[in-house]
1. Consider segment 34-48. How many of its residues are assigned to a helix (DSSP H, G or I) and either of a type in the set (Phe, Trp, Tyr) or surrounded by 12 or more Cβ atoms within 10 Å (Cβ to Cβ) (or both)?
2. Just checking, does segment 8-25 include any residue being loosely packed, with under 11 Cβ neighbours inside 10 Å, outside any helix (DSSP H, G or I) and modelled with pLDDT under 70?
3. Answer yes or no: is there a residue in segment 53-68 that is of a type in the set (D, E, K, R), within 22 Å of residue 26 (Cβ to Cβ), under 13 Å from the mean Cα position of the chain (by Cα) and surrounded by 10 or more Cβ atoms within 10 Å (Cβ to Cβ).
Amino acid sequence: MSNANITSNINKNPSEILSRQHLLDVSSKMIKEILSRIKSKRFRPTEGDSIKLQYLRVLVSAIQAHNSILKDTELDDIKKRLENLEVTLNDNCST
């Protein structure tokens, strides 16, 4: 997984909110790349592995934080919708 592949969609519209599906796609690519590196019989570290691992850790942390924000936003939306339904139900019951 090259950095260009991960960031290509992000750079098209940097203010666009990344969806859960996009986060899942990014993390799936990262997992597949890691698995392909370690599944061989003999693992051979390369020169940039330590730096790449640091960036992968940051990426995982960013995905977790972003996913948490998405979850909070979705819960707020559900709460508002529930409150609106309760108001509608109460209005219909009182008439």
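1. Looking only at segment 34-48, we keep the residues that are assigned to a helix (DSSP H, G or I), and these are 34-38.
Remaining after also requiring either of a type in the set (Phe, Trp, Tyr) or surrounded by 12 or more Cβ atoms within 10 Å (Cβ to Cβ) (or both): 34, 37.
The total comes to 2.
2. yes
3. To start, the set of residues in segment 53-68 that are of a type in the set (D, E, K, R) comprises 57.
In the following step, the residues that additionally are within 22 Å of residue 26 (Cβ to Cβ) were identified as 57.
With under 13 Å from the mean Cα position of the chain (by Cα) added as a condition, the list becomes none.
No, because not a single residue in segment 53-68 is of a type in the set (D, E, K, R), within 22 Å of residue 26 (Cβ to Cβ), under 13 Å from the mean Cα position of the chain (by Cα) and surrounded by 10 or more Cβ atoms within 10 Å (Cβ to Cβ).
The values are calculated or read from the model by the stated rules, or taken from the named source; none is laboratory data. Owing to the predicted nature of the structure, the values given are computational and were not obtained by experimental measurement. Ideal geometry is used to build each Cβ from the backbone, glycine not excepted, and the neighbour counts take in all protein chains shown.
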